[in-house]
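S.K.: Could you have a look at this structure, given as structure tokens, before my questions?
Every number here is computed from the coordinates shown, using simple stated rules; none is lab data. Just so we're clear, the structure is a prediction, and the values are computed from it rather than from any experiment. So basically every Cβ, Gly included, is an ideal-geometry build from the backbone, and we count neighbours across all protein chains shown.
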Amino acid sequence: MYWLELIVLTLYTGALSFIFVYSLSQLNLVYIYRKARKKQSIAKAAEITKDYEYPMVTVQLPVYNELYVVERLIDAVASFDWPKDKLEVQVLDDSNDETIELIAKKVTEWQAKGVDVQQVQRPERKGFKAGALQYGMSIAKGEFIAIFDADFVPEADFLKNSVPHFQKDEKIGVVQTRWGHINEEYSMLTKLQAFGLNTHFFVEQNGRSQGGHFLNFNGTGGVWRKECIEDAGGWKADTLTEDLDLSYRAQLKGWQIFYTPDVVAPAELPAAMSAIKSQQYRWTKGAAETSIKLLPKVLKAPLSLGTKFHATFHLLNSAVFICIVVTAFLSVPVLLIRNLSDSWEILMNVSMIFLMGYAFLIVFYWNGFKEKRDGFWKTAKDFVPQMFMLLSVFLGLSVHNAVAVFEGLIGKKTPFVRTPKFNITGKKDTWKGNKYFKKKINPLTALEGFLGLYFVGGLGLAFYFNDFALLPFHLLLSLGFLLVFYYTVQHTRHA
């Protein structure tokens, strides 16, 4: 029993320690971000001067079977306020359904209006999105390349607000903008996603940018200098996050990513739990794959200690989900050890201190939530319930994401799975009848339901032992896993 208890507590404390240090890195980004806000050094939208010479820009739209959203995307991009003789639009069409005909019709419509828009079809869908981008770049006319996924609806002034920033420094390889959300108010799940993404774009991206650390192109809603892509080795399909991969390769080559949160690229958030899981799987597994590929190069590069520290936890951030699963699953045995054994008091106290890592994450999200909001008490009133639900769902997705991370770390390759788009913007919209919605439930969903009940058991033990130290944690876990289980089943049944 002694050795079993030692193994449990060692794994539990070790996983909490990683979460704690990761949280410290996020807390440092909060400090940098707040300092930059105070100095008013955060980048604004670009300004067009009278003598500005408009460069040639190619806009790439990588699409694959986007029946419900591709027309609005093409309409938005073809309407850009940019000289027509300096604008090229590539619809990188890998579709194999009716989307092909929709694109052809829309392309013909805009060509008749004088817009240089082309439907680009590869002979073979090799390399998924990365392959499409690389193929399009090989025939692109533009000095700069803007990229938008199918769920985006950029504003007409997007290029004017972003492209002129490249004049500031010839080493700027990317201008990344902030994502907006056209369906944030659709449901609790879309609100929570907007909450999390806003914190990433307001705090994390600003913190990395203002601190001079590595940050990432977010895969869409940004503009690349073509020379930068070529110098960094081009788009590669050996990870599921081709954007993170190329971002780091470019920065290791000395290129800079310029971040401007003042420019917003609106997009549709996934509304169904299966779509959220699909997106999370790709992001977390791809990040793990990229960490295996590039972290050794980062650690060997002539970079500052601070940049290496932040880059390490940036690349390893998806590993947090493995640590969450370990601490969550072992927290019930830990509760038993706390109350049935007197041998581990010091280690117990240390592990409780490391639980503060979760408190640091709350500080991190608070700073993102209160951006663009006025009034402390009103903001706090909205923040508390949303933060509670965000943490719950975040924890509830941990097993699904941990499996993806584990696959990425061991090198198991899987295809690029697109996130289904629904064209859901208003409360009356639905994904019912959507042909891209997968109606099969992953067996992992059953495990999520079981874990929800497992942590309900942890709540029962808290009252049995009259020990409530882990009760908030178990409350979040039980609610999170049960919510993820419920939404997965419910959304699939009503597809």
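S.K.: Among Ile145, Gln210, Leu244, which residue has its Cα positioned farthest towards the positive end of the charge dipole of segment 54-273, with +1 placed on the Cβ of Lys and Arg, -1 on the Cβ of Asp and Glu, and the dipole taken about the Cα centre?
M.R.: Gln210
S.K.: Quick one, could you list the DSSP H helices from the chain stretching 30 Å or more along their long axis (Cα atoms) with average Kyte-Doolittle hydropathy of -0.5 or above?
M.R.: Values: long enough: 2-39 (55 Å, 0.60); 273-300 (40 Å, -0.38); 444-465 (31 Å, 1.50); 471-493 (33 Å, 0.97).
Helix filter hits for the chain: 2-39, 273-300, 444-465, 471-493.
S.K.: Separate question: Which whole-number percent is the relative contact order of segment 367-495 (Cα, under 8 Å, 6+ apart)?
M.R.: With pairs under 8 Å counted, the relative contact order is 36 percent.
S.K.: Please return the longest range in the chain lying between exposed loop sites, taking GluC sites (Glu not before Pro), DSSP loop only, at most 11 other beta-carbon atoms within 10 Å, and leaving the sites out. Mind showing how you got there, number by number?
M.R.: On the way: sites that count: Glu47, Glu53, Glu98, Glu124, Glu170.
My reading of the result: 171-495 is the longest stretch.
S.K.: Another question about this same structure. Report the trypsin sites (Lys or Arg not before Pro) located in segment 16-56 that are in a DSSP loop and have at most 10 other Cβ atoms inside 10 Å of their Cβ, or state none. Could you put the intermediate results ahead of the total?
M.R.: On the way: sites: Arg34, Lys35, Arg37, Lys38, Lys39, Lys44, Lys50; in loops: Lys44, Lys50.
The qualifying sites are Lys50.
S.K.: A further question on this structure: Give me the percent relative contact order of segment 230-339, please, defined on Cα pairs under 8 angstrom at least 6 residues apart.
M.R.: Values: 62 pairs, mean separation 28.4, N = 110.
The normalised contact order for segment 230-339 reaches 26 percent.
S.K.: Sticking with this structure for a sec: Between Ser187 and Lys381, what's the calculated FRET efficiency when r is the beta-carbon distance and R0 is 25 Å? Round to 0.05. Numbers along the way, then the final one.
M.R.: On the way: r = 20 Å, r/R0 = 0.81.
Taking R0 as 25 Å, the efficiency between Ser187 and Lys381 is 0.80.
S.K.: Taking 0.36 nm per residue of separation and subtracting the Cα-Cα distance, what length does fully extending Asp157 through Ile48 add?
M.R.: Numbers: separation 109, 0.36 × 109 = 39.24 nm, distance 1.09 nm.
Fully extending the segment from Asp157 to Ile48 adds 38.1 nm.
S.K.: Calculate the FRET efficiency for Lys38 and Asp169 from the Cβ-Cβ distance with a Förster distance of 22 Å, rounded to the nearest 0.05. Write down the numbers at each step before the final one.
M.R.: Details: r = 24 Å, r/R0 = 1.09.
Efficiency computed from Cβ-Cβ geometry: 0.35.
S.K.: Based only on other Cβ atoms within 10 Å, what is the fewest-to-most ordering of Leu471, Leu16?
M.R.: Listing Leu471, Leu16 from fewest to most nearby Cβ atoms yields Leu471, Leu16.
S.K.: Further question on the same structure: For the chain, which span is the longest to avoid every loop-located (per DSSP) member of chymotrypsin sites (Phe, Trp or Tyr not before Pro) having at most 13 other Cβ atoms inside 10 Å? Present the calculation step by step, with values, prior to reporting the outcome.
M.R.: Values: sites that count: Tyr52, Phe468.
Within the chain, the longest run free of exposed chymotrypsin sites (Phe, Trp or Tyr not before Pro) spans 53-467.
S.K.: Do you know the relative contact order of the chain, to the nearest whole percent, from alpha carbon pairs under 8 angstrom that are 6+ apart? If you can, show how the numbers build up before the last one.
M.R.: Numbers: 830 pairs, mean separation 98.9, N = 495.
Relative contact order of the chain: 20 percent.
S.K.: Note down the Stokes-Einstein diffusion coefficient of segment 300-417 in µm²/s, whole number, using a Kirkwood radius over alpha carbon pairs, 25 °C, and 0.890 mPa s.
M.R.: 139
S.K.: May I pose another question? Using a Förster radius of 35 Å, what is the FRET efficiency between His494 and Gln121 based on their Cβ-Cβ separation? Nearest 0.05, please. Walk me through the intermediate numbers first.
M.R.: Details: r = 35 Å, r/R0 = 0.99.
Rounded to the nearest 0.05, the efficiency is 0.50.
S.K.: Helix-derived [θ] at 222 nm for the chain: sum -39500 (n - 2.57) over DSSP H runs of at least 4, divide by residue count, nearest 500? The partial results should precede the final answer.
M.R.: Numbers: 18 runs with 274 residues, N = 495.
So the helix-based figure for the chain works out to -18000 deg cm²/dmol.
S.K.: So which lysines pass the test for Lys35, namely a Cα distance under 26 Å, with those fewer than 8 places away in the same chain ruled out?
M.R.: Lys44, Lys168, Lys171, Lys308, Lys370, Lys372, Lys378, Lys381
S.K.: Another one. When the Kirkwood hydrodynamic radius is evaluated over all pairs of different C-alpha atoms of the chain, what value in angstrom, to one decimal, is obtained?
M.R.: Working: mean 1/r = 0.0418 Å⁻¹.
After inverting the mean inverse Cα-Cα distance, the result is 23.9 Å.
S.K.: What distance in nm lies between label points placed 7 Å from Cα along the C-beta direction at Ala469 and Leu444?
M.R.: With each label placed 7 Å out from Cα toward Cβ, I get 3.2 nm.
S.K.: Can you tell me which aspartates and glutamates have their Cα less than 19 Å from the Cα of Lys226? Leave out same-chain residues fewer than eight positions away.
M.R.: Glu53, Asp85, Glu88, Asp116, Glu143, Asp149, Asp169, Glu170, Glu242, Asp243, Asp245
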